[in-house]
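Any read-out appearing in this document is the output of simple, stated calculations on the displayed coordinates, not a laboratory observation. All values reported here derive from a predicted model rather than from experimental measurement. Here Cβ is always computed from backbone atoms with ideal geometry, including for glycine, and neighbour counts include all displayed protein chains.
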Amino acid sequence: MFKPICSLIALTLVTSSLEAQDIRIAVPIMGDHFEEDKKGRSDLILEAIFKACSLSYSTTQFSWPQHWQEYENSDDYDAAAIVWDNAGLAGFTTQPYIHSQNGVISLTSKDMDIATFDDLKNKRVMAFTGASNMFPRLAMNYAHFKKYLEITTSNMAYKSLVMNDADVYVTDPLIFIKEYSKQINRSKGTYGSETWPEMRFHNILPVYGDVMIFKKKAMRDKFNECYTLARETKVLEHAHDLMNKPLELFR
């Protein structure tokens, strides 16, 4: 009887300690995931998760992959968001808190039939920075591409597609279409016009689950608990609805 009571007291103390502090998270500057207005995809999901447990948290943005370095080298951060397996960071990783469906974007007018990596043979391929690390199969297919280039922004991508400097762009479609829509609205343009042509998304990459990493196991365990609670209480549904809305442009 004594041991279970001690365990319960210890758990209560850990939970109370977490509720009393602000969990500090290093995050990347990453379009549609973490935005300045805190309305990015990961912003909304993390808000829903921490809200489910009434925990306080704050995020600080850094250039990719400086958020990993800040987490590893600074005492100012308890966690880092969007961590890849090959980052080599020490700590305790969470279960995936958000999933992304990556693939390739092409101009609808080119009527490309792309169902597998084999269909990219002899194509001019662009990808987001770090894509070949995230998806090793890209690196394995370099020799089959007519050209391969990793770029830093979706802005560069759509211009290259429209100017016919590239055939496809490897990306998360939500990141791409949100930036594309933003540019169309700024110019008061029309989607589907000659200046802003229709785009097609080809789903040829696996769904990827993003995780966080915490320095303390207790914090990681609490995060996973909050995530489960947020799912059970359906707090995440609204965040998912908001983040998927840009995809309507592809339909």
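Under the criterion of Cα pairs below 8 Å and six or more residues apart, the relative contact order for the range 36-163 equals 17 percent. Loop-located GluC sites (Glu not before Pro) in the range 158-227 (DSSP state not H, G, I, E or B) with no more than 16 neighbouring Cβ atoms inside 10 Å: GLU194, GLU198. The residues CYS226, CYS53, when put in order of fewest to most other Cβ atoms within 10 Å, stand as CYS53, CYS226. Here's the picture: charge each Lys and Arg Cβ at +1 and each Asp and Glu Cβ at -1 in the chain, and of GLN66, LEU149, SER42 the one pushed furthest to the positive end of that dipole is LEU149.
Excluding GLY31 itself, what net charge comes from residues whose Cβ is under 11 Å from its Cβ, given Lys and Arg +1 and Asp and Glu -1? Taking every Cβ under 11 Å from that of GLY31, the sum is -2. Checking (i) 75, 36, 29; (ii) 63, 51, 41; (iii) 71, 39, 31 against the coordinates, the calculated Cα extents along the principal axes in Å falls under label (iii).
Checked against a 19 Å cut-off, the cross-linked pairs LYS110/LYS159; LYS38/LYS178; LYS51/LYS222; LYS123/LYS159; LYS38/LYS217; LYS159/LYS188 give Cα-Cα distances beyond that limit for LYS38/LYS217. Neighbours of ARG124, meaning other residues whose beta-carbon lies under 15 angstrom from its beta-carbon, give a summed charge of +2 when Lys and Arg score +1 and Asp and Glu score -1. Summary value for the chain: 28 percent relative contact order, contacts being C-alpha pairs under 8 angstrom separated by 6+ residues.
The modelled label-to-label distance between GLU232 and ASN133, using points 7 Å beyond Cα along the C-beta direction, is 3.7 nm.
Among ASP119, ASP113, sorting on how many other beta-carbon atoms sit within 10 Å of each Cβ, with the fewest leading, yields ASP113, ASP119. For the chain, the longest principal axis of the alpha carbon atoms and the long axis of helix 41-52 meet at an angle near 20°.
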